Every structure is written in structure tokens, then in C-alpha cells.
Amino acid sequence: MHTLGEIAKLVNAELVGDGELKITSLASIDCAKSDQLSYVVSEKYQEQLSSTQASAVIISKSLQKYCNTSAIIVEDVYLAFAQITHLFKPKVIHISGIHASADTHNATIAPNCCIGKNTSLGINTIIGANTIIEDNSSIGDNCIIGSNVSILQGSTIGNNTVIESGAVIGSEGFGNARDKHKHWHSIAHLGNVIIGDRVNIGANTTIDRGTLEDTHIHQGVRLDNLVHIAHNVIIGEDTAIAACTGIAGSTQIGKRCMIGGMVGVVGHLSICDDVIVNAKSTIDKNITVAGMYTGIMPLMPHKKWQIIGVWLTKLDKITQYLNIKLSHLKGK
């Protein structure tokens, strides 16, 4: 817990309101409650700013007129937010063996595991060798967790879930803010990962924790080896994703989808239920109608691809030329 005054001093901000106000955590502007600090980066969110339940917000001077709460006023809101997140990141100290506060329910635990404080392991759950389960994590009944798995702080895993060797659950998301000198400042991700029942997660797959809210993998999901799920992604029930696919942050994928190997999904997108995406496709826009989609060029000899590539770079000029010719023909 920190006072608003302490936080304002950290980022050299102008403080508007009560500097002794106690701030317990950070939250997004829509979800924030009393005793929480939020942030707004543009006038696009002025309505949410005016009605937020947050005790205080991080804003620029131009947004102050829309703010009805205490505020920290800065030049670069996103950078200030990045710096402040580290104040609220829990400290985890790994111990050797099983912490006294852990509730293991007689789970089978292989040698050299690290089980943190306030963790819970379900009945008939098996934990492989050299696996780390950090503080405040929960694993359900009848789970199989492979060797060398890292389940990081605050993660929740349902019943009958299988996690193969080398997987990382709850890793730090890829969030960074740049200062005026073009130096990067990492954002501490304060959300968690919530995994439902009957989920299978392949070897060396990585699921990042949410920035403020949680990353959700719903029941029945199947993730192949080497899949990357970024922060705040939501994957619907019974969706299957093949190897080497990467899903960028805050994307929502519906139920019963099938996504092929090496697919790239751009962030902040929405994919509806019952979508099939063929391997090596790139998804760069919302998909709102169920069906099969492909977004790749077909395989061809390299020399032919070089010729086609040249034409692709000239398509805009060709289109302009044809439009001019067409307008001349219509004028006759």
C-alpha cells in the first residue's frame, strides 16, 4: 500500500487531491474501485474518466477537466503508469522444497520442486521434477504437471488439466513504455493467469499474466507445444491451437476454434466462435463470421516469388493508373 503523495513523488507529477490517500492497487479505468489507482491516455476515454470509481487517476493536463477524482498529472501518462506498476508488484522469494503454508493434499511431488507459500495442490495431482509453483497459486484435482514447469505467482489452474514439460504459466507480459530519450521502461504485469478444467498445455508453451486484469484460458482448450499466449488474451472453451502460433495481447478468441501451426494473431482483435484458421496465416483484423480462413501466399519457386513480389509493391500505382484511365473513359 502506498499514499498518493508517495506515488506522485516517484514520477515527479503534479498532485491534485489528498496526498495521504491510501492506494492498494492499480486497475483499468472501467474496473477500478475505491482505493485503486487507474490511468487514462486520451480523450477517447473521457466518459469513463468522468464516471470512474477509482480513488485517483494518472492523466495529462488536457484531461483534468474531465476528472472528478484525485489525480496525478504528468506529461507522459503511459510512461508514468509503467514506472508506478513496479511499486505494486509482489516480491517472490523462492525457497527450496515446500513452504509450510502450502496445502498439498498429499499430491505426488517429485524431487527438487519449489512450492511457494499459500499455494494449493488438488487431490491426485502429480507434480514433475524441478517444477516451480510460486506463491498464491492454485492447482485443481487430478492434474498432471510435467517436469521443469514454472507456474508463477497467483496462477489458478482447474481440475483434470495437463501441463507438459517446460511450460511457463504467468510469465511477465511484453509491455514497455518509451521515454523522451527513446529508452524503454518495462511494465510490471499485475494480473494473473486463470486456466479452466480439462485444459492441455504443450511443452515449452508460454502464457503471460495480464497487465492489470487476468489472462483466461477456458475449459477444454488444447494448446500445442511452443505456443505463445500474450497478456490479457482470452481463449474460449474447446478451442485448439497448433504449435508455434503466437497470439498478441488483449485478443479474444471464441469457442471451438481451430488455429493451425505458425499462425500470427495481431493484438486487440476479436475472433468469433467456430473459426478455422489454416497454418501460417496472419490474422490482422476481427473475424465476425464462423468459417475457414487462410491468409498466406501459396508456395512457389523462389524466382517466381521474386517476380510476384515486384508486382505486389507496385499494385497501388497500377490501381491509380487504372482509375485515371477509367475516369477518362467515363468522361467520353
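The values are calculated or read from the model by the stated rules, or taken from the named source; none is laboratory data. Since the structure is predicted, the reported quantities are computational estimates derived from the model, not experimental observations. A quick note on method: Cβ atoms are made from the backbone with ideal geometry, for glycine too, and the neighbour counts reach across all protein chains shown. What goes into the accessible areas is simple: the full protein's heavy atoms, side chains included, and nothing from ligands, DNA or RNA. Shrake-Rupley method; radii C 1.70, N 1.55, O 1.52, S 1.80 Å.
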Q: Convert each backbone phi in segment 160-169 into a coupling constant with the Karplus relation 6.51 cos²θ - 1.76 cosθ + 1.60 (shift: θ = phi - 60°), then list the ³J(HN,Hα) values in order as whole Hz, x for Gly and Pro.
A: 6, 9, 10, 10, 7, 4, x, 5, 10, 10
Q) Residue by residue, what Karplus-based ³J(HN,Hα) values in Hz, rounded to whole numbers, does segment 283-297 have, using 6.51, -1.76 and 1.60 with θ = phi - 60° and x for Gly and Pro? A) 9, 10, 8, 4, 10, 10, 10, 4, x, 9, 10, 9, x, 9, 8
(Q) What number does segment 133-280 give for Rg over Rh if you use C-alpha atoms and the Kirkwood radius? (A) 0.98
Q: Would you grab the residues whose amide H sits under 5 Å from the one on Cys143? Only those 5+ places off in sequence or on another chain, please, with H modelled 1.01 Å from N.
A: Thr125, Ile126, Asn160, Thr161
Q | Accessible-area composition of segment 57-98, carbon plus sulfur, in percent [1.4 Å probe] | A | 54 percent
Q) When the chain is modelled as a GNM with alpha-carbon springs shorter than 10 Å, which of Asp30, Asp316, Asp179 fluctuates the most? A) Asp316
Q) Structure shown: which of Lys33/Lys65; Lys280/Lys303; Lys44/Lys182; Lys22/Lys89 lie over 23 Å apart, alpha-carbon to alpha-carbon? A) Lys44/Lys182
(Q) At 1.4 Å probe size, put Leu315, Leu79, Leu87 in order of accessible surface, largest to smallest. (A) Leu315, Leu87, Leu79
Q: For the chain, go through all pairs of different Cα atoms, get the mean of 1/r, take its inverse, and jot down that Kirkwood value in Å.
A: 22.5 Å
(Q) Give me the 1.4 Å probe accessible area per residue for the chain, excluding ligands and nucleic acids, in Å². (A) 53 Å²
Q: Provide, for q = 0.20, 0.23, 0.25 Å⁻¹, the log10 of I(q)/I(0) from a solvent-free Debye sum over equal Cα point scatterers in segment 1-85.
A: -0.78, -1.07, -1.31
Q. For the charge dipole of segment 126-275, defined by +1 on Lys and Arg C-beta atoms and -1 on Asp and Glu C-beta atoms about the Cα centroid, which residue among Ile144, Ile229, Ile194 has the Cα displaced farthest towards the positive pole?
A. Ile229
(Q) Can you sort Phe81, Phe174 by solvent-accessible area, 1.4 Å probe, largest first? (A) Phe174, Phe81
Q. Mind checking which of Lys317, Lys91, Lys33 has the largest fluctuation in a GNM of the chain, springs on alpha carbons under 10 Å?
A. Lys317
Q: Take the alpha carbon atoms of segment 105-132, find their center, do the same for segment 268-332, and report the distance between the two centers in whole angstrom.
A: 50 Å
Q: Quick one: dipole size for segment 65-152, taken about the Cα centre, charges +1 on Lys/Arg Cβ and -1 on Asp/Glu Cβ, in debye to the nearest 20.
A: 120 debye
(Q) Given an 8 Å cut-off on Cα distances and at least 6 residues of separation, report the relative contact order of segment 147-291 as a percent. (A) 15 percent
Q. Ordered by residue, what ³J(HN,Hα) values in Hz, to whole numbers, does segment 111-118 give under the Karplus form 6.51 cos²θ - 1.76 cosθ + 1.60, where θ = phi - 60° and Gly and Pro are x?
A. x, 6, 8, 10, 10, x, 6, 6
Q | Carbon plus sulfur fraction of accessible area for segment 148-244, probe 1.4 Å, in percent | A | 49 percent
**Q.** Largest-first ordering by accessible area, 1.4 Å probe, given options Met292, Met300
**A.** Met292, Met300
Q.
Can you compute the FRET efficiency between Leu322 and Leu10 using 1/(1 + (r/R0)^6), with r the Cβ-Cβ distance and R0 = 51 Å? Round to the nearest 0.05.
A. 0.30
Q: Compute the FRET efficiency between Asp238 and Ala110 as 1/(1 + (r/R0)^6), taking r as their Cβ-Cβ distance and R0 = 25 Å, and round to the nearest 0.05.
A: 0.25
Q. Straight-line reach from Lys117: which aspartates and glutamates have a Cα under 13 Å away, not including same-chain ones fewer than 8 places off?
A. Asp103, Glu134, Asp135
